[in-house]
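The block underneath contains the structure these notes are about, expressed in structure tokens.
The values are calculated or read from the model by the stated rules, or taken from the named source; none is laboratory data. Bear in mind that the values here come from a model prediction, so they are computed numbers and not experimental data. Virtual Cβ from ideal backbone geometry, glycine too; neighbours counted across all protein chains shown.
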Amino acid sequence: MNHVDQEVPPLGGAIFDVEGVIAFPDRSALAVGLAALDPALTPEGLHALRHAPDLYPLWQAFSTGSLDADDYWSAVLRAAGLSAEPNEVAAIRDLQSRVTWARLDDGVLALADALRRAGLQTAILSNSAVDYEPQIGRFAHRFDRAHFSHRTGRRKPDPQSYLRLASELALDPAAILFIDDKQRNIEAARIIGMQTCLFRSAEQLRDVLLDLGALPA
């Protein structure tokens, strides 16, 4: 559901999430790569492991740069029943680098480009990891600012991650549209006064931008 207040200031900018908005994983390549490590390891199984209560805090630390990548992936592989030999750790890190943000949504990027042409500022706010660095250069240059949690040390939904980016844009939070596919991140943006769009598709986002007068009809 989109959240657009009745009385809002004109938009001065938009902040985009990456995974699930700008970029998506190549799930077929991920499945093939995991099967090469262990035939029993699937994308769904890996996701469940990484979000389990004992491993999720490690992801939080890894994604803010406070845990080494090899240490993180060694813990994940051991939880999956593998020995976490150096070659296995290297293989899963290479796989993540190649597939995590492999598929870009050209429709979303075109909307970001259109906002800049219309005079609005655009930015990225993403929970991320050092393994994603090879993909960042494919799209980050199309935005005015880009905050990745493994570089900044702050993750969504920490309010300071939003406020620091708004400050860099020199915009009041109320003049920013925050776009994300996760409700918890949307709620955090809403609490600090940002306008929000719970992302579902480029077409839906375009309709929201048109409703806000951010794009010409």
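Just a few scattered comments:
- Of everything listed in (1) in contact with a Cys (Cβ under 6 Å, 6 or more places away or on another chain); (2) over 13 Å from Leu11 (Cα atoms), the single unmet condition for Asp180 is (1).
- Scanning the range 43-75 for residues that are assigned to a loop (DSSP other than H, G, I, E, B), exposed (fewer than 15 other Cβ atoms within 10 Å of the Cβ) and hydroxyl-bearing (Ser, Thr, Tyr) returns a single hit, Ser66.
- Comparison of Ala84, Ala14, Ala31 shows that the only residue that is free of Cβ contacts under 8 Å to residues at least 24 places away in the same chain, surrounded by 14 or more Cβ atoms within 10 Å (Cβ to Cβ) and either in contact with a Pro (Cβ under 7 Å, 6 or more places away or on another chain) or under 30 Å from Leu177 (Cα atoms) (or both) is Ala31.
- Residue in the range 167-176 that is in contact with a helix residue (DSSP H, G or I) (Cβ under 6 Å, 6 or more places away or on another chain), closer than 30 Å to Leu67 by Cα, buried (at least 21 other Cβ atoms within 10 Å of the Cβ) and of a type outside the set (D, E, K, R) present: no
- Helices (runs of 4 or more DSSP H) contained in the range 143-198 and holding at least 2 residues of a type in the set (A, V, I, L, M, F, W, C): 159-169, 183-191
- Residue-level analysis places Asp131 among those that are in contact with a Lys or Arg (Cβ under 6 Å, 6 or more places away or on another chain), of a type outside the set (S, T, N, Q) and in a helix (DSSP H, G or I).
- Residues satisfying the stated conditions in the range 76-89, i.e. in a loop (DSSP other than H, G, I, E, B), over 16 Å from Ala48 (Cβ atoms) and not charged (D, E, K, R): Ser83, Ala84
- Within the range 145-167, residues that are farther than 15 Å from Ala123 by Cα sit with their Cβ atoms under 9 Å from residues that are of a type in the set (Lys, Arg) and not in a loop (DSSP other than H, G, I, E, B), at 6+ positions apart or across chains, in these pairs: Arg154/Arg164; Pro157/Arg184.
Residue by residue, here is whether (1) over 30 Å from Leu177 (Cβ atoms); (2) modelled with pLDDT under 95; (3) over 16 Å from the mean Cα position of the chain (by Cα); (4) crowded, with 18+ Cβ neighbours inside 10 Å holds:
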| site | (1), (2), (3), (4) |
| --- | --- |
| Asp38 | yes, no, yes, no |
| Ala80 | yes, no, yes, yes |
| Ala118 | no, no, yes, no |
| Gln121 | no, no, yes, yes |
| Ile124 | no, no, no, yes |
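- Selection of the range 199-217 for residues being crowded, with 20+ Cβ neighbours inside 10 Å and not in a helix (DSSP H, G or I) yields Phe199, Ala214.
- In the range 90-128, the residues that are in contact (Cβ under 8 Å) with a residue 60 or more places away in the chain, within 17 Å of Ile15 (Cα to Cα) and part of a loop (DSSP other than H, G, I, E, B): Asp105, Ala118, Leu120, Asn127, Ser128
- Residue pairs meeting the criteria (Cβ under 8 Å; at least 6 apart or on separate chains; first in the same structural domain as Thr122 (by TED's automatic domain parsing) and touching a residue at least 12 places away in the same chain (Cβ under 8 Å), in the range 199-217; second acidic (Asp, Glu) and part of a loop (DSSP other than H, G, I, E, B)): Phe199/Asp17; Phe199/Asp181; Arg200/Asp181; Ala202/Asp105
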